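The values are calculated or read from the model by the stated rules, or taken from the named source; none is laboratory data. In this text the structure is predicted, and so the values were computed from the model without any measurement. Here the Cβ positions follow ideal geometry from the backbone for every residue, glycine too, while neighbour counts run over all protein chains shown. Note: areas computed on protein heavy atoms with side chains; ligands, DNA, RNA excluded. Shrake-Rupley method; radii C 1.70, N 1.55, O 1.52, S 1.80 Å.
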Amino acid sequence: MKRRKLSLLLVLMMLVSFIPRPASAQRDMKLWVEGRYVTGDVAPILYNDRTLVPLRQVSEALGLEVEWDPDVRQALIVIDDIVYAFLPGESFYGAGDEKVEMDTKTIIRNDRIYLPLRVIAEALGKPVSWDNENSTAVVGTGYSKPTVKPASNTFEAVKVERVVDGDTIVVSGGRKVRMILVDTPETKHPKKGVECYGREASNFTTSQLAGKTVYLQKDFSETDRYGRLLRYVWIARPSSNNPSYAEVGKMCFNSILIEKGYGKVATFPPDVKYADYFLEKQQAARGNGTGLWGQCPVQSTPKPTPKPAPKPVAPKGPVGQGYIRGNRNSMIYHLPGGASYNKISPKNIVYFNSEAEAQAAGYRRAKR
């Protein structure tokens, strides 16, 4: 039953990918599945007129484990004992021993894998509809349109007592707050001194926040190793505990610092709720030469001295490509999720695209 529900949610993501809508609406899209809303912190993207979904974020939210194989650069996920393999840049995916064509490519953007989820749709018979007024995709029965506005959020209202620098403030009770996902140039570092555009960032934060009431939003961690609260700082209270990206851009001061070029994105998982959105803002600021991107010289890295080509040697690492791992010593092959799949020495790994290929090479399947 659990796997069937997971499959249902995957089908929902696939069905939503075929609902036409403008690019500006995709961020606020909501999902309703059998009596509840399914929310997430990463927005779909439009690519070749298709809505692509971040694989790891969505899969892990649904309780599915995704494994990334860096040797052959592919993501693996197991659904109902079938191994699905997705390769960035390819317009197909592997489903067990089968190769399934897609009408768009799997892509990587901001270190995330995006793809349309079109798995086992024909196996389910759930009704699906689209509430255009509320931008909600509906799966199942019992849905009714919201008649009241969402409750106000529970962010903590505090007064800014003092600004330390561009990304650090002191609030009510003398508590020091370090803003999440943004790093402004230093002004008081004992070793770095005053960095380029550090005073401008500190002055901007002072002019916008000093003495004012702000709203603190926690992501995952409570404090950093220095005991500072880790928070998103909001200059106005958004409509709910899950603000839209439009609200993030207008009200979240962390985002404003990135957009205006006073700081750069700094990711420290697991506190990455708005990372994709912040990276888009940074890319725009950098492209336009906004703030520090136009004022601070970029240090060039000296080119290394060319080294002579190494003499050819026998391979010591993995050989081939695919998601099935064979052990060249034991002549046994292992599937993802198997007891010994991740225990094979790298120098003994041989990759295969299918069990048939492994068996043709003389390998036999592991018993567990």
Calculated FRET value between Ala339 and Ile108, using beta carbons and R₀ = 25 Å, to 0.05: 0.25
What distance in nm separates the simple spin-label points at Gln283 and Arg199, each placed 7 Å from Cα in the Cβ direction? 3.5
When the chain is fully extended, how far beyond the present Cα-Cα distance does Tyr226 get from Tyr47, taking 0.36 nm per residue of separation? 60.3 nm
Would you kindly find the accessible area of Phe220, with a 1.4 Å probe and non-protein molecules such as ligands, DNA and RNA excluded, rounding to the nearest 10 Å²? 140
Rounded to the nearest 20 Debye, what is the dipole magnitude of segment 168-264 about its Cα centre when Lys and Arg each give +1 and Asp and Glu each give -1 at the C-beta? 280
Starting from the Cα-Cα distance between Lys218 and Arg73, subtract it from 0.36 nm times their residue separation and give me the gain in nm to one decimal. 48.8 nm
Under the 0.36 nm per residue contour assumption, what length would be gained going from the current alpha-carbon distance of Gln208 and Ala246 to full extension? 11.7 nm
Using label points projected 7 Å from each Cα along Cα→Cβ, tell me how many nm separate Asp131 and Met331, to one decimal. 6.1
Would you mind classifying segment 73-112 by shape? Square roots of the alpha carbon gyration tensor eigenvalues, ordered a ≥ b ≥ c; an a/c under 1.5 is rounded, otherwise it is prolate if a/b is larger than b/c and oblate if not. oblate
Using only the Cα atoms of segment 212-269, build the gyration tensor, take square roots of its eigenvalues as a ≥ b ≥ c, and label the shape rounded, prolate or oblate: rounded if a/c is under 1.5, else prolate if a/b is larger than b/c, else oblate. oblate
Summarise the accessible area of segment 193-234 (1.4 Å probe, protein heavy atoms) by the percent that is carbon and sulfur. 45
Probe 1.4 Å, all protein chains present, accessible-area order of Leu87, Leu76, largest first: Leu87, Leu76
Simple label model, 7 Å out from Cα along Cβ direction - Glu161 to Ala356, nm: 7.1
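Can you give the local net charge around Ser354? Use residues other than it whose beta-carbon is closer than 11 angstrom to its beta-carbon, Lys and Arg +1, Asp and Glu -1.
For residues surrounding Ser354, the net value is -3.
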